[in-house]
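Please read the structure below before turning to the comments.
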């Protein structure tokens, strides 16, 4: 019997050559089966789109007891949240859950330039839901456009409430 490692090297080489072919053939036959998370979208609520080509932005959300409170001043009502972002195109923010307070009947949204960003005005376009309206404030001599949405919109079939663009 001859001593040597030739047969062992041959078997290892055949394995490393055949393994990729075997993997390729089994992956072709398995078909398009994708596993992972899936999203079904939002059945209720609404979305607001932000377009900012000139830098950072802050989207403020204030809850109001009535429409007059929302129209009173820019920061009237109860501050619910603030969302920030950078330069973006068609950034969609979904709102599917109403603020957690029984006395809130309207929610107002407005976008201001973020800290250290160029001062600019964000124009607003409102969607076609009953009760959604826009207004304008000029605190400190700078115009700010506001979108006011009734809380009933949170339980309506999902729609686009409006968009802010600089």
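Working out 0.36 nm times the residue gap between residue 19 and residue 42, then minus their Cα-Cα distance, what length gain in nm do you get to one decimal?
3.8 nm
Can you tell me the 0 to 90 degree angle between the C-alpha axis of helix 6-29 and the longest principal axis of the chain, rounded to 10?
Helix 6-29 sits roughly 40 degrees off the main axis of the chain.
Determine Rg/Rh for segment 82-166; Rg is computed over alpha-carbon atoms and Rh is the Kirkwood hydrodynamic estimate from the same atoms.
0.96
What does the convex hull of the Cα atoms of the chain come to per residue, in Å³, rounded to a whole number?
Cα convex hull per residue, to the nearest whole number: 220 Å³.
Nearest 500 deg cm²/dmol is fine: what mean residue ellipticity at 222 nm does the chain get from its DSSP H runs of n ≥ 4 alone, each adding -39,500 (n - 2.57), divided by its residue count?
Helix contribution divided over all residues of the chain: -6000 deg cm²/dmol.
Quick one: work out the % antiparallel among DSSP beta bridges in the chain, nearest 5.
DSSP beta bridges in the chain are roughly 85 percent antiparallel.
Which length gain, in nm to one decimal place, applies between residue 105 and residue 27 when the Cα-Cα distance is subtracted from 0.36 nm times their residue separation?
22.5 nm
Once the Cβ-Cβ distance between residue 154 and residue 115 is put in as r, and R0 is 30 Å, what FRET efficiency do you end up with, to the nearest 0.05?
For residue 154 and residue 115, the calculated efficiency is 0.50.
Given segment 73-121, report the % of alpha carbon pairs whose separation exceeds 12 Å.
When all Cα pairs of segment 73-121 are counted, 73 percent exceed 12 Å.
In what order do 11, 104 fall by count of nearby beta-carbon atoms within 10 Å, going from fewest to most?
So the ranking, lowest neighbour count to highest, is 11, 104.
Every number here is computed from the coordinates shown, using simple stated rules; none is lab data. Predicted model only: the values in this text are computed from it and were never measured. Cβ coordinates were reconstructed from backbone atoms using ideal geometry, including for glycine residues, and neighbour counts include every protein chain displayed.
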